[in-house]
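What follows is a single structure, written as structure tokens, with notes after it.
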Amino acid sequence: MKLSTRGHYGVQAMFDLAQHYGEGPIPLKSVAERQNLSEHYLEQLVGSLRKAGLVKSIRGAQGGYILARDPKEITVGDIIRVLEGPVAPVECVGEEMQESCNRLDVCITRLVWQRVKETIDQVLDSITLADMLEEAEKLKQQGDFYMYYI
């Protein structure tokens with residue numbers, strides 16, 4: 001299983017907004033420059049994140065985007081699911097695909113994939129933006145902080 005740039009860049013952008021949480025609206029142009037990402041692509045990603053209620057947009061000359069909730073209330077899993085969809089290594093363990101398999105009751109390998117999915121979900125849901133900020137601060141104090149990449 002490999003995440004697309006949507007998930008990767010989305011987590012980077014949300015981390016950037018978390019770094020500036022409480023400072024007011026952050027223009028996407030600033031996020032794009034700091035994270036070395038395409039502003040146009042970020043607009044698409046942030047649109048999905050806004051619809052999901054993870055970010056809020058503020059219009060006007062001093063406008064931009066802010067996190068809709070505190071960084072400790074937003075997990076990496078929240079972001080990934082919005083941008084990538086359900087996290088499942090194979091279709092038969094995805095939420096909407098279970099009915100399509102006619103071997104669901106007798107498939108031994110499905111048990112493996114279900115455990116893989118549950119483990120991935122557990123990890124993604126255990127890491128908040130606040131946790132990422134904490135880790136970035138530790139790296140910064142160690143002098144190894146250049147950019148926090150996922």
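Read-outs: derived from the displayed coordinates by stated rules, not from any lab. Fair warning: this is a prediction, and the values are worked out from it, not measured in the lab. Cβ atoms come from the backbone with ideal geometry, glycine included; neighbour counts cover every protein chain shown.
Between the DSSP loop rule and a limit of at most 12 other Cβ atoms within 10 Å, which trypsin sites (Lys or Arg not before Pro) in region 1-56 are left?
Passing sites in region 1-56 are 2.
Below 11 angstrom from the Cβ of residue 125, what's the summed charge of the other residues (Lys, Arg +1; Asp, Glu -1)?
For residues surrounding residue 125, the net value is -2.
What is region 1-67 by shape, rounded, prolate or oblate, if you read a ≥ b ≥ c off the alpha carbon gyration tensor as root eigenvalues and call it rounded for a/c under 1.5, prolate for a/b larger than b/c, and oblate otherwise?
Judged from the Cα gyration tensor, region 1-67 comes out prolate (a/c at least 1.5, a/b above b/c).
Could you work out the relative contact order of region 1-64, using alpha carbon pairs under 8 angstrom and six or more residues apart, expressed as a whole percent?
Averaging sequence separation for qualifying contacts and normalising by length gives 33 percent for region 1-64.
Residue 26's amide H: which non-local residues (gap 5+, or another chain) put their own amide H closer than 5 Å, with H modeled 1.01 Å from N in plane and none for Pro or chain starts?
65, 66
Compute the separation of the alpha-carbon centres of region 39-117 and region 12-32 and state it in Å as a whole number.
When both Cα centres are located, 20 Å separates them.
With the crude spin-label approximation of a point 7 Å out along Cα→Cβ, what separation in nm comes out for residue 38 versus residue 104?
Each label point lies 7 Å from its Cα, and together they span 3.8 nm.
Can you give the log10 of the normalised intensity I(q)/I(0) at q = 0.19, 0.29 Å⁻¹, computed with Debye over equal Cα scatterers of region 34-80?
Once normalised to I(0) and log-transformed, intensities are -0.68, -1.21.
So what's the angle, to the nearest 10 degrees on a 0 to 90 scale, between helix 39-51 and the longest Cα principal axis of the chain?
Result, in degrees: 60.
Angle between the Cα long axis of helix 108-126 and the longest principal axis of the chain, 0 to 90 degrees, nearest 10?
The angle comes out at about 20 degrees.
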